[in-house]
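Student: Input: one structure, supplied below.
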Amino acid sequence: VQTCALPIYSMASLKEIIQRINRTTKDMFAATFIELQEKFGEVFGKFFPGGRAELQLVEEPPAENGDGSGHQEPGIDIVAQPPGKRLKSITMLSGGEKTLTAMALLFASFLIRPTPFCLLDEIDAPLDEENIGRFTDVLRDLAQNAQFLVITHNKRTMGIADSLFGVTMEEPGVSKLVSVRLGDLQAV
């Protein structure tokens, strides 16, 4: 078995590199957190006009398992205030409010680091009719700058699509792929 001892100057250099990486990571996290906080509030306001939402950094309590590490990792708490309600944790919101709040955070992160397309699978399933309208309004706005592929069974969500793709079974046991460009139908 061979061991390799690092020279003292290499250890100091390595520690300096680790400190620089930690500093850079913290700075990048702080900048992204501030930007995400801003976009999250904006998107939440589109889902709930007159409401507000924010992300809060929280310090996790030290581990109680006695490992003696004493190292605390920060956490993030999501709080929201739909119009007419008090500010509370996302865990205390109704199902539809939780879903729209989570969507607001997802879309906020998308706005910070946009991609050419986004795939959403049954994201609208837990929403009632009123919230589907809010969702489709925001999705329509976002779709001006990126392509969204949404897997859904909701007719109102399908109604804002440019194209629909689906599977139908005209005869028992025989599946058929169907595609419709809604823009072409509206032009006729």
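Student: Which whole number of Å³ per residue matches the convex hull of the alpha-carbon atoms in the range 136-186?
Tutor: Spelled out: Cα convex hull of the range 136-186, divided by residues, is 95 Å³.
Student: Please give the contour-minus-distance gain from E54 to A146: 0.36 nm per residue of separation, less the Cα-Cα distance, rounded to one decimal in nm.
Tutor: Fully extending the segment from E54 to A146 adds 30.6 nm.
Student: What does the convex hull of the alpha-carbon atoms of the range 98-146 project to on average, in nm²?
Tutor: With the hull built on Cα positions only, its mean projection is 3.2 nm².
Student: Can you tell me which of 139-147, 23-31, 153-161, 165-173 comes out highest on packing, and rank the rest after it, using the mean Cβ neighbours within 10 Å?
Tutor: 153-161, 139-147, 23-31, 165-173
Student: Next question, about the same structure. Starting from the 7 Å offset along Cα-to-Cβ, what nm value, one decimal, do you get for the label separation of H153 and R23?
Tutor: 5.6 nm
Student: Where only protein heavy atoms count, and the probe is 1.4 Å, what is the accessible area per residue for the range 116-188 in Å²?
Tutor: 73 Å²
Student: Bins of 5 Å, beginning at zero and ending with the bin holding the largest distance: percent of Cα pairs per bin for the range 95-188, please.
Tutor: Calculated P(r), rounded to whole percents: 3, 11, 21, 22, 18, 12, 8, 4, 1, 0.
Student: Continuing with the same structure: Can you work out the FRET efficiency for the pair I76 and E129, with r the C-beta to C-beta distance and R0 = 30 Å, to the nearest 0.05?
Tutor: 0.45
Student: Run the numbers for L106 and S13: contour at 0.36 nm per residue of separation, minus the present Cα-Cα distance, in nm.
Tutor: Length gained, L106 through S13: 29.6 nm.
The values are calculated or read from the model by the stated rules, or taken from the named source; none is laboratory data. Just so it is clear, the structure is predicted and the values come from calculations on it, not from any experiment. All Cβ positions, glycine included, derive from the backbone under ideal geometry; neighbour counts span all protein chains shown. Note: accessible area is taken over every heavy atom of the protein model, side chains too, but ligands, DNA and RNA are not part of it. Shrake-Rupley method; radii C 1.70, N 1.55, O 1.52, S 1.80 Å.
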